[in-house]
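Structure record follows, encoded as structure tokens.
The values are calculated or read from the model by the stated rules, or taken from the named source; none is laboratory data. In this text the structure is predicted, and so the values were computed from the model without any measurement. Virtual Cβ from ideal backbone geometry, glycine too; neighbours counted across all protein chains shown. Just so you know, the surface numbers come from the protein's heavy atoms only, side chains and all, with ligands and any DNA or RNA stripped out. Shrake-Rupley method; radii C 1.70, N 1.55, O 1.52, S 1.80 Å.
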Amino acid sequence: DAKRGIWIPWAVELSREVEADILIAYRIAARKADAEISGLGRVTEREDNTFLVSEIIIPNQVNTGGHTEFLGSEAAAVLNMIAEQGKNPSEYNFWWHSHVQASAWFSSIDDNMIKNRLHAMMSDVHLDLYPDIPEETISGPFFSLVGNIYGEMTARCDFLHRIGKEYRQYTFVIPVIRHLAELSKEELNAFFEERYRAMNDIIEERVVFGRSFGILGRRKFEEL
């Protein structure tokens, strides 16, 4: 079971480009089908306890108004593709998604998907670093962000601690550092307009809206 932490001295920071692209993706998915959308992001640690998200990707996915089908078993295919492109998959430990018009807070479905991802990360650690599974292991942090079309966002980081056969998950809600508010209205509109077309083209190519069924593995994509 997840144990909610009270506080951890960390924050997740979105670059201007990442913040804009996430908000644009939320709005495009809502406009097209009143649907959710999700993706991964590349995280780098800074010295001031902030973790910068400098890049996001939108893999192939199927979305509906109450579900975005990506982070489960399909994540392995996406991370393999990242590795094939010469990137480090372990840096893409940021999951973002939308709740369309609903609350920017994590649902029980989100909790379960994050839990599954942490277990997969722990398995990866075992396979890559140890010939045998150690008695005590910690996987994480895994960062997550949920938002809505109104611009609200909530972030968290999770760890999974294993001792023997006992697993304990720790969840910390952390601040989101955002920079678009620093722009004037004119600058903000120009910035969004500049990035809208590229994001719309990506979503047109990679996202299916409607009935939920798995497509990763059956629909090849060359770039993330």
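Out of R31, R42, I need the residue that is at pLDDT 90 or above and more than 19 Å from S144 (Cα to Cα). Which one?
Step by step, each of R31, R42 is checked, and only R31 is at pLDDT 90 or above and more than 19 Å from S144 (Cα to Cα).
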Of residues in segment 32-69 being free of Cβ contacts under 8 Å to residues at least 40 places away in the same chain and closer than 15 Å to G210 by Cβ, the one least open to solvent (accessible area, probe 1.4 Å): T68
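I'd like to know if segment 154-177 contains one or more residues that are outside any strand (DSSP E or B), closer than 29 Å to I28 by Cβ, at pLDDT 80 or above and open to solvent by 30 Å² or more (accessible area, probe 1.4 Å). Write out each step before concluding.
Residues of segment 154-177 that are outside any strand (DSSP E or B), as a first pass: 164-165, 175.
Keeping just the survivors that are closer than 29 Å to I28 by Cβ gives 175.
Subsequent filtering for residues that are at pLDDT 80 or above retains 175.
Now narrow it down to the ones that are open to solvent by 30 Å² or more (accessible area, probe 1.4 Å): 175.
Yes, because at least one residue in segment 154-177 is outside any strand (DSSP E or B), closer than 29 Å to I28 by Cβ, at pLDDT 80 or above and open to solvent by 30 Å² or more (accessible area, probe 1.4 Å).
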The one condition D111 fails out of (1) closer than 26 Å to A25 by Cα; (2) loosely packed, with under 14 Cβ neighbours inside 10 Å is (2)
Could you check segment 70-98 and list, in sequence order, the residues that are open to solvent by 10 Å² or more (accessible area, probe 1.4 Å) and outside any loop (DSSP other than H, G, I, E, B)? A76, A77, L79, N80, M81, A83, E84, P89, S90, E91
Return a yes/no flag: does segment 131-146 have any residue that is at pLDDT below 85, of a type outside the set (D, E) and part of a helix (DSSP H, G or I). no
